[in-house]
Amino acid sequence: MPSTPTITLEQWRSLIAVVDFGGYAQAAEKLHKSQSAITYAVQKIETMLGVKAFEIQGRKAILTPTGHMLYRRAQALVDEANSLERATRTLSAGWEAEIHLAAEILFPTWLLLDCLEQFGQESPHTRVEIIESVLGGTPEALIQGRADLAISPQIPPGFLGNPLVRMRMIAVAHPNHPLHQLDHPLTYRDLRIYRHLVVRDSGAKRSQQAASIEVNQRWTVSHIATSIQAACKGYGFAWFPEERIRHELESGFLKPLALREGSERWVELYLILADPDFAGPGTRRLAEIIRESVSKECTQRKHSC
């Protein structure tokens, strides 16, 4: 059976160019083709569809109502084809179709999102899956092969990582919390009779590191945002990354506790490639963006990183 003729992308591009550049001659010049080739391409579309895309008014080609519809559809088709072509070039160059990133929740969310946005601008067709993890959950994702890249407070056995940033953790509670009403530097004995807010380790083998002090009351939650909100309501005390509660401190919802000792803790976060020898260019580029963004932020805020 004879094949059914189809309209090619080049013919659609010719129609678009006539509209965008204001005529057949201008389209021919921009596309580096002869005017007769442009005219033939448009006539081919009209003949195959049995419609008129343009009508000549004076020396100008004006879109008919049907032509307006064809122009919009042609733009969509060409845009989709261009997008597919870019995606194919990216994949053929070895960029991954999907990257899995395990990120410790202590790492600033806004900074992580900025890094992902920059990466998305460079590789829009690479999907990124974020595993938001706590303590042992991050190295566990590496060990189980669920992450290509990780921001982790621990380097698991068999992996190598580089220091990324030191996060300052400070003990806080709502200004009206009873701990702030005591007229002496706080001690462990003072803390143990009040509720401690803790974020649960997301690893299968849950660590007791988050609950590092023994208290009579404890609330354990799955996400740091819940713990921060509970503290802001006066329901307990906790150690939070200073960067995560900057707004709450400035607005007066939280206030540092005047501990005699242990008022601050430092947590080192590491950037770890699951397999440095076989990491794809997308994973390496995302790691590079994270390193550069953290370095820039530390320099601007004069953090100890």
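Structure data summary
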quantity	calculated
Qualifying residue in the range 107-122 (condition: within 20 Å of Arg200 (Cα to Cα) and part of a loop (DSSP other than H, G, I, E, B))	yes
Any hit, the range 269-281, residues being in contact with a strand residue (DSSP E or B) (Cβ under 8 Å, 6 or more places away or on another chain) and of a type in the set (D, E, K, R)	no
Condition met for Asp20 (closer than 30 Å to Ile289 by Cβ and open to solvent by 60 Å² or more (accessible area, probe 1.4 Å))	no
Residue within the range 108-119 that is open to solvent by less than 80 Å² (accessible area, probe 1.4 Å), modelled with pLDDT under 90 and either touching a Phe, Trp or Tyr at 6+ places or on another chain (Cβ under 7 Å) or hydrophobic (A, V, I, L, M, F, W, C) (or both) present	no
Subset of the range 236-285 [open to solvent by less than 30 Å² (accessible area, probe 1.4 Å) and touching a Cys at 6+ places or on another chain (Cβ under 7 Å)]	Leu254
Yes/no for Val172 being touching a Cys at 6+ places or on another chain (Cβ under 6 Å) and not small (Gly, Ala, Ser)	no
Subset of the range 289-301 (residues that are closer than 15 Å to Glu117 by Cβ and open to solvent by 70 Å² or more (accessible area, probe 1.4 Å))	Glu292, Lys296
Strands (runs of 3 or more DSSP E) lying entirely in the range 123-182 (those with 1 or more residues that are open to solvent by 10 Å² or more (accessible area, probe 1.4 Å) and in contact (Cβ under 8 Å) with a residue 40 or more places away in the chain)	127-133, 161-173
Residue match in the range 218-226 (condition: in contact with an Asp or Glu (Cβ under 9 Å, 6 or more places away or on another chain) and of a type in the set (A, V, I, L, M))	no
Criterion (exposed (fewer than 13 other Cβ atoms within 10 Å of the Cβ), touching a residue at least 12 places away in the same chain (Cβ under 8 Å) and aliphatic (A, V, I, L, M)) met by exactly one of Leu77, Leu70, Leu49, Leu31	Leu49
Failed item, numbered, when Ala61 is tested on (1) at pLDDT 85 or above; (2) open to solvent by less than 30 Å² (accessible area, probe 1.4 Å); (3) hydrophobic (A, V, I, L, M, F, W, C)	(1)
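The values are calculated or read from the model by the stated rules, or taken from the named source; none is laboratory data. For clarity, every value in this text was computed on a predicted model and none was experimentally measured. We place every Cβ from the backbone using ideal geometry, glycine too, and count neighbours over all the protein chains shown. Just the protein is used for accessible areas: all its heavy atoms, side chains included, with ligands, DNA and RNA removed. Shrake-Rupley method; radii C 1.70, N 1.55, O 1.52, S 1.80 Å.
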